[in-house]
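The values are calculated or read from the model by the stated rules, or taken from the named source; none is laboratory data. These numbers come from a predicted model, not from an experiment. Cβ sites come from the backbone with ideal geometry, for glycine too, and all protein chains shown count toward neighbours. Remember, those area values only see protein heavy atoms, side chains included, never the ligands or the DNA or RNA. Shrake-Rupley method; radii C 1.70, N 1.55, O 1.52, S 1.80 Å.
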Amino acid sequence: MNERAPLGRLALGATVLAGQRLRLLGKPVPETLAVLVGVAERGRDTARHALRRAEDTAKKARDTAKNVSPRPPKRVREFLDEARSRGTKTIRVGQLEAKGWFARTMDDSIRWAERNVIPRVVDDMTPHIVKNVVPKVISGVMPQIRTQVVPMIIEDLSKDERIRRLIAEQSHGIVTEATEELQENSARADDRLEDSFRKLFKA
Amino acid sequence: MPGSDYAGLVTRMAALIVDAVVLTLVVPIMANGPPSMWAAITGEAPGWLKSLCQIAAALLPILYFGLLWWGTGQTLGGLVFGTMVRRQDGEHLGPIRSLLRAAVGLLLPIVWLAGMVFVLWDPRRRALHDRLFGTVVLRKVRRV
């Protein structure tokens, strides 16, 4: 998979993947398509090696005539089986190559964008956003927040039972603490006054 | 008697001042409020309403002290300073004893205040009127 994939097979794999993503093709690939691809591939191979095979054509033709003529359906079936097998294999390989190619391409693109594009865009856009966009947004939104959002939040908070309970507990705690301190101070004052009274009369 | 469970002179006088302030605010309202409201609506308050309000205002301090000592043993001043009036055996005061204690205190305030000096040497910090009515003033919360 590391060597560069043939463009045709890559395109085939991408087309099949796209067809499967769009649910135009099922999984696995239909046999008809595999046969067509196999036939096309075989035709391509045949054309590619036509010259080399030309010398043997006559002899092969004679042999074929001898072998096939008596059993033409078997030859056809073998041909179709081979074409289907070959087409299926080609499509599968094409799918894998297309997936790998897409993944590599996306990763490379994202890395490139992260390294080269995004920092530059952010650097260029930030002063513009801070100087022009943010003040406009704030000046446009703040009146709405003041008149609509803040009162709503305050109303929600004031109606929230937990907040009310918290405030009540805090208020009650402050009052209780102040009262207890007052009581302690008055008790100490009682003791001091009586001590002074006793000292005075003892003396 | 440091650390005593009984309220001393300072605490009792402070509680009494709180009660006096409350009554100073409420009694005039009781005496003049309803006639003033009536006058605002119809122009002139009837004499019976004025008399009724005067009587209610005069009785209010006795009812205030008497009913609160009977009910909880605590007036507002006692609530603030954590004191409560009880019988010497620790039980709640009855209504007669409470109302009599309040009436004597309000009708003879000089005797009442002078009798408070007894608190300074009494082992249970009882004032003169406490000895008279068989009561004590307990401290409700003692954290010190």
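Key figures for this structure:
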quantity	calculated
Enumerated helices (runs of 4 or more DSSP H) restricted to segment B:35-128, each holding at least 3 residues that are touching a residue at least 40 places away in the same chain (Cβ under 8 Å), open to solvent by less than 30 Å² (accessible area, probe 1.4 Å) and closer than 30 Å to residue A:172 by Cα	B:76-81
Top-ranked residue of segment A:11-39 - restricted to ones that are open to solvent by 60 Å² or more (accessible area, probe 1.4 Å) and of a type in the set (A, V, I, L, M), ranked as modelled with the highest pLDDT	A:36
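The rows are residues; the columns are (1) more than 24 Å from residue B:137 (Cβ to Cβ); (2) away from chain A (no Cβ under 14 Å).
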position: B:10; (1), (2): no, no
position: B:20; (1), (2): no, yes
position: B:23; (1), (2): no, yes
position: B:46; (1), (2): yes, yes
position: B:50; (1), (2): yes, yes
position: B:63; (1), (2): no, yes
